[in-house]
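Okay, structure first, notes after.
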Amino acid sequence: MNKPQTKAEMGKVYCPMCTHTVDAEVHRVPGRYARRLAVKPGQRCPHCTAPLDAGYIFRSGRAA
């Protein structure tokens with residue numbers, strides 16, 4: 001079964017390990033609530049190299 005492709009966009013993500021806010025690729029999660037954003041898996045913080053999977057997304061680069 002193929003998953004629908006979602007476009008990745010840039011957003012500000014908070015790194016919980018080093019407390020920096022960094023730019024990362026985020027995408028919309030398909031499903032019932034399509035407004036939810038998630039960090040693209042496998043990205044790492046450029047400051048401390050910690051995974052950003054559990055990071056808080058502040059905003060995306062797209063208008064509402």
Paramagnetic label zone (point 7 Å from Cα along Cα-to-C-beta, Thr49; backbone N under 15 Å) in segment 15-36 | 18
Packing-ranked peptide list from 21-27, 47-53, highest mean Cβ count within 10 angstrom first, is 21-27, 47-53
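Read-outs throughout are calculated quantities, based only on the coordinates presented, and are distinct from any laboratory measurement. Owing to the predicted nature of the structure, the values given are computational and were not obtained by experimental measurement. Neighbour counts are summed over all protein chains in view; Cβ atoms, including those assigned to glycine, are modelled from backbone coordinates with ideal geometry.
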